[in-house]
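Accompanying notes for the structure given below.
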Amino acid sequence: MSLTIHRFDPTPCGFPSPRVPLLPALSTDDLLAAMGAPPFASPFCRAGNAFHTRGRYALHDAFRRSGVAPGTAVLLPAYHCRTMLDPAIRLGAEILLYPLRPDLSPDLDALAACLASASRPVRALLLTHYFGFPQAVAAIAAWCAARNIVLIEDCAHALLSGGEGGGAEIGTHGRYAVASPYKFVAAGDGGVLLDNGDAGTGSGGDATLGAGLRPQGLLREGRALLRALLAGRRQRRQRIGPAALAALPNEFAALQRRALLPADEDLQPVSGPSSHYLADEERRAGLALSHRLLRHCARDAVAARRRENYRAWSAAAAALPNCRAVFPELPASCVPYAFPLYLERPFPDFHRLKHLGVPIWRWDEMAASSCPVAADYRLRVLHLPCHQGLHADELAWMIAAVALVVRADASPAQGEQA
Ligand SMILES: Cc1ncc(COP(=O)(O)O)c(C=O)c1O
């Protein structure tokens, strides 16, 4: 089956840069912790893991090792970003997009139907722990094992999350697991691949996964450190404060009088990996600096801040019209990556939020599938930051901006169109 992608190019909209950082910035405290804090005990810090520059390249190697190649197929979740598809596209495999339930868990009956539709042998299944919420892995692991399909856990959002119901740690159920440290620690890059070995045969994992990766070299390491420190300083200096909060109602009133320009949207066939995927990076190691920041990250402090910020978002969303939290409850096992907010009125609310400078990720560039949840969430689910680097003023400003937008009349100004 050929793949088509919903393209969403926001260039014509003229959105400004976000006024709050989407990811945590490096601070001197992080550097001190990297030198002095005890190592962080996690499967993602095991010796023998590969440390790539991004999770997408770790995923490429996981697929390759699972036998994903031309003439084979791979099961990927219907709700995804481009970089989750890119590695499989690069390997020339057929992509089968399996449907998800509204809580983003796979539906085993739908998975079976998806498998039955495959015209090529299915080698691997990617299971994503969305936003840091651990999936119930055991049932999917058993399903895969019974069909000789390699299970790969996508922990890009779940680096710091715990085991499901007190069970084994996240990232230890699948044959392979990948993580994306730069989403959690203030690192310049990072993509971890770990190999848990084959539970069926009892064979251990490959302990030399990263052996062939090219190190970045001292010059790049030094430049990356300097860039990260300067970016951190800039972010702290430009941090919005109470004045920005006080100015919001007037800014929003002016925005409501403006016509909003629509994005460029269409459906296009997929001819190769996206521009976010660079084949040259497949064999390059991530920065030694990022690796050190991961191994010495202050896990408990980071987890506590993220959970606190998430709860503030969730409490705010519960009191607002025209939106809701995708996951209102935060289980003890979850260290959230972001706060997923479902918007009833993606237009004009998404555009208005972007014009105000609210930092938002949204998976609007997604492959078309038969999954109604992915179709619904593509434009309606916003990924809002809840990271440990947020200042209380920034969180208060973002929540106030969302409240203004979702409470406002959605009727477009003259000339506005969806
Ligand atoms: C769920 C998920 N998996 C995998 C990836 C790829 O991770 P990376 O950005 O480290 O390449 C992403 C990227 O955002 C992601 O959101």
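Yes/no matrix, rows are residues, columns are (1) in contact with a Phe, Trp or Tyr (Cβ under 7 Å, 6 or more places away or on another chain); (2) without any contact (Cβ under 8 Å) to a residue 60 or more places away in the chain:
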| residue | (1), (2) |
| --- | --- |
| PRO328 | no, yes |
| ALA332 | no, no |
| TYR337 | yes, no |
| PRO346 | no, yes |
| VAL358 | no, no |
| VAL373 | yes, no |
| CYS386 | yes, no |
| ALA392 | no, yes |
| ARG407 | no, no |
Q: Among the numbered conditions (1) more than 16 Å from the ligand (Cβ to nearest atom); (2) among the polar types (S, T, N, Q); (3) within 20 Å of the chain's Cα centre (by Cα), tell me where THR72 comes up short.
A: (3)
Q.
As an exercise: evaluate LEU85 against (1) within 16 Å of the ligand (Cβ to nearest atom); (2) over 16 Å from the mean Cα position of the chain (by Cα); (3) within 24 Å of VAL326 (Cα to Cα) and give the number of the one condition it does not meet.
A. (2)
Q. In the range 404-415, is there at least one residue being of a type in the set (A, V, I, L, M), out of contact with any Pro (no Cβ under 7 Å at 6 or more places or on another chain) and within 16 Å of the ligand (Cβ to nearest atom)?
A. no
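Among the helices (runs of 4 or more DSSP H) confined wholly to the range 278-376, which include 2 or more residues that are out of contact with any Lys or Arg (no Cβ under 7 Å at 6 or more places or on another chain) and closer than 18 Å to LYS183 by Cα?
Values: elements: 288-295, 299-318, 346-356.
Helices (runs of 4 or more DSSP H) meeting the threshold: 288-295, 299-318.
Do we find a residue being in a helix (DSSP H, G or I), modelled with pLDDT under 95 and open to solvent by 30 Å² or more (accessible area, probe 1.4 Å) anywhere in the range 60-80?
The first filter runs over the range 60-80 and keeps only residues in a helix (DSSP H, G or I), leaving 60-65.
Keeping just the survivors that are modelled with pLDDT under 95 gives none.
Checking the range 60-80: not a single residue is in a helix (DSSP H, G or I), modelled with pLDDT under 95 and open to solvent by 30 Å² or more (accessible area, probe 1.4 Å).
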Q: Kindly list, by first and then second residue, each pair from a residue in the range 42-61 that is more than 10 Å from the ligand (Cβ to nearest atom) and among the charged types (D, E, K, R) to a residue that is in a helix (DSSP H, G or I) and open to solvent by less than 20 Å² (accessible area, probe 1.4 Å), limited to pairs with Cβ atoms under 7 Å and residues at least 6 apart or on different chains.
A: none
Q: Filter the range 172-189 down to residues that are within 13 Å of the ligand (Cβ to nearest atom) and either open to solvent by 20 Å² or more (accessible area, probe 1.4 Å) or under 13 Å from the mean Cα position of the chain (by Cα) (or both) and give me whichever is nearest to ARG305 (Cα to Cα).
A: PHE184
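The values are calculated or read from the model by the stated rules, or taken from the named source; none is laboratory data. Just so it is clear, the model here is predicted, and its values are computed rather than measured. Neighbour counts run over all protein chains shown; Cβ positions are idealised from the backbone, glycine included. Note: accessible area is taken over every heavy atom of the protein model, side chains too, but ligands, DNA and RNA are not part of it. Shrake-Rupley method; radii C 1.70, N 1.55, O 1.52, S 1.80 Å.
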